[in-house]
Amino acid sequence: MPEIRILIVEDELLIAKGLSRKLGKLGYQVVNIVSSGESAIASATELKPDLILMDIVIKGDMDGIETAAKINEIFNIPVIFTTAYDDEETLKRAEKTGSYGYVLKPIKDRDLNATIKMALSKHQQQRELQKSLAEIEAINEEKNRYLSIASHDLRTPLTAIQMSTSILQDYEEKLTREKKSQHYSRIKSAVNNMNQLLEDILTLSQVESGKLVLNLVPLEIIQFSRNILDDLTDLTNAKQSFELVSLVDDCTANFDEKLLRYCLINLLSNAIKYSPEGGKIILEIRVQPENIIFYIQDEGIGIPQKDQGKLFQEFQRASNVGNIKGTGLGLSIVKQMIDLHGGKISVESEVGKGTTFIVILPLNL
Ligand code: ATP
Ligand code: MG
């Protein structure tokens, strides 16, 4: 155990020396002896002791209790009072400062040691409590952040749905077939957006709370990837061309199907979203003895060098997105899932030329 460092505040030198000797014998280290409130605060600031033994009656303008209250405001150092008088009044006043106990003079070794031990353990408990409180607060804050983002992002598609349904209802007769179909498409895509966002937030909270466990099943990865590409082309009316590149025709290994689908869909959706019409998107798969590597490559807007490092954090987007919509959640979820799989994700990109995301997953054969 590291040595406990103690500051003594006592204006009678003889008593202070005696106390210091006792503490030394008990195995504590006395870091300083001071005789007034002001010098106690200065010494506490400089030396950051683990504990302060404070005489109640000391030199200067402040007595020991006032000094302890001041120290309490600035630092988190337990204070034990030493006093020759055990009158109710004084002890009550001491208690109000959040005192960690007191010892009566003349001080007995056993009292001293027991009081110090109690004070240190009480202080330790309080620190742990504070730590858990801070953690709970952080979790709460995180939840609030999701809620506010979610409600904000759900409002946009909801407004679109509201507007289109009103128009459809009010102008039922006058709308051309084409116009009607446009409104139906708008509603559908708004519902899709909302679904996607909800799914993202649920998945993220599962990943973060450690509730998402891997469910490994044998999967033939090449056909699996081809299916995802096909689905995505159909679903998004993508204006880009897709290509699957692989030297092997099949490769079966154990993967969590849901996670892998989620990751590939997210990375490919980004490639679609951040690419111009007519761009080419390539999903290349390379199988190595121990790993499988996915390259998701596009000819889109690219990502500025300075933004590349932060994209895997929640709600972070690159500076060049312009008015392309997004929450900045996708990649952070993808990264956490890949971590869970024991894999790695990285990015290579040049603004205006294109982006390649590289995912390396261990092959669990
Ligand atoms: P969503 O949560 O809806 O996916 P998003 O696409 O903005 O929103 P991420 O998928 O996490 O969020 O991506 C984070 C950011 O990384 C994007 O906002 C974008 O700036 C950048 N980015 C990701 N993929 C590409 C890409 N293929 N080309 C260019 N920029 C990209
Ligand atoms: Mg995205």
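What is the helix-to-structure angle for 37-47, meaning the angle in degrees between its Cα long axis and the longest Cα principal axis of the chain, kept from 0 to 90 and rounded to the nearest 10?
So the helix axis and the longest Cα principal axis differ by about 50 degrees.
Would you mind checking the tilt of helix 177-208 against the longest principal axis of the Cα atoms of the chain, expressed as 0 to 90 degrees and rounded to 10?
In the chain, helix 177-208 runs at an angle near 30 degrees to the longest axis.
Run the dipole for the chain about the Cα centre, Lys and Arg Cβ at +1, Asp and Glu Cβ at -1, nothing else charged, and hand back the magnitude in debye, nearest 20.
Values: 42 positive and 51 negative charges, 18 e Å.
Dipole of the chain, to the nearest 20 debye: 80 debye.
For the chain, what does the helix formula give at 222 nm: sum of -39500 (n - 2.57) over DSSP H segments with n ≥ 4, over the residue count, nearest 500 deg cm²/dmol? Display every interim value, and only then the final one.
Details: 10 runs with 186 residues, N = 365.
That comes out to -17500 deg cm²/dmol.
At a Förster radius of 56 Å, what calculated FRET efficiency corresponds to the Cβ-Cβ distance of Ser121 and Asp339, to the nearest 0.05? Could you put the intermediate results ahead of the total?
Working: r = 38 Å, r/R0 = 0.68.
My answer for the efficiency is 0.90.
With angles folded into 0 to 90 degrees, how steeply does helix 330-340 sit against the dominant principal axis of the chain? Use alpha carbons for both and round to 10.
For 330-340 against the chain, the angle is about 70 degrees.
Are there any chymotrypsin sites (Phe, Trp or Tyr not before Pro) in the stretch 277-365 that are in a DSSP loop and have at most 15 other Cβ atoms within 10 Å? List them by number.
Values: sites: Phe294, Tyr295, Phe312, Phe315, Phe357; in loops: Phe312, Phe315.
Taking the stretch 277-365 and a limit of 15 other Cβ atoms within 10 Å, the loop chymotrypsin sites (Phe, Trp or Tyr not before Pro) found are Phe315.
For Leu247 and Phe315, what is the calculated FRET efficiency with R₀ set at 45 Å and r taken between the beta-carbons, to the nearest 0.05?
Step by step, r from the Cβ atoms, then E = 0.75.
Considering only protein heavy atoms and a probe of 1.4 Å, how much of the accessible area of the chain is carbon and sulfur, as a whole percent?
Percent of accessible area from carbon and sulfur atoms in the chain: 52.
Which entries of Lys188/Lys325; Lys258/Lys306; Lys258/Lys344; Lys273/Lys353; Lys143/Lys344 have Cα-Cα distances beyond 21 Å here? Walk me through the numbers before you get to the answer.
Values: Lys188/Lys325 17 Å; Lys258/Lys306 32 Å; Lys258/Lys344 18 Å; Lys273/Lys353 15 Å; Lys143/Lys344 27 Å.
Exceeds cut-off: Lys258/Lys306; Lys143/Lys344.
Starting from the Cα gyration tensor of the stretch 121-258, take the square roots of the eigenvalues, sort them a ≥ b ≥ c, and report rounded, prolate or oblate (rounded when a/c is under 1.5, otherwise prolate if a/b is larger than b/c, else oblate). Kindly include the intermediate steps, with their values, before the conclusion.
On the way: a/c = 4.42, a/b = 1.29, b/c = 3.43.
The shape class here is oblate.
With a cut-off of 8 Å between alpha carbons and a minimum separation of six or more residues, what is the relative contact order of the chain in percent?
9
Let me know the charge dipole size of the stretch 153-198 about its Cα centre in debye, to the nearest 20, where only the beta-carbon of Lys, Arg (+1) and Asp, Glu (-1) is charged.
120
Where the centre of each part is set by its Cα atoms, how far does the stretch 106-143 sit from the stretch 14-64, in angstrom?
21
Excluding same-chain residues fewer than 8 positions from Lys48, which aspartates and glutamates have a Cα within less than 20 Å of its Cα?
Output for Lys48: Glu3, Glu10, Glu38, Glu66, Glu73, Glu128.
Of Gln126, Tyr85, Ile116, which is farthest on the positive side of the dipole of the stretch 75-127, counting Cα position, with +1 on Lys and Arg Cβ, -1 on Asp and Glu Cβ, and the Cα centre as origin?
Most positive-ward Cα: Gln126.
Given the chain, what percent of its DSSP beta bridges are antiparallel, to the nearest 5?
Values: 27 of 50 bridges.
The antiparallel fraction comes to roughly 55 percent.
Over the chain, with the other protein chains present, what is the accessible area per residue in square angstrom, probe 1.4 angstrom? Write out the running numbers ahead of the final one.
Details: 21300 Å² over 365 residues.
It amounts to 58 Å² per residue over the chain.
Looking at Ser166, Ala138, Tyr102, which one has the Cα that reaches farthest to the positive end of the dipole of the stretch 63-185 (charges on Cβ: Lys, Arg +1; Asp, Glu -1)?
With unit charges placed on the Cβ atoms, the residue in question is Ser166.
The values are calculated or read from the model by the stated rules, or taken from the named source; none is laboratory data. The shown structure was predicted, so the numbers you read here are calculated from the model rather than taken from an experiment. Cβ sites come from the backbone with ideal geometry, for glycine too, and all protein chains shown count toward neighbours. The area values use the complete protein model at the heavy-atom level, side chains included, leaving out ligands, DNA and RNA. Shrake-Rupley method; radii C 1.70, N 1.55, O 1.52, S 1.80 Å.
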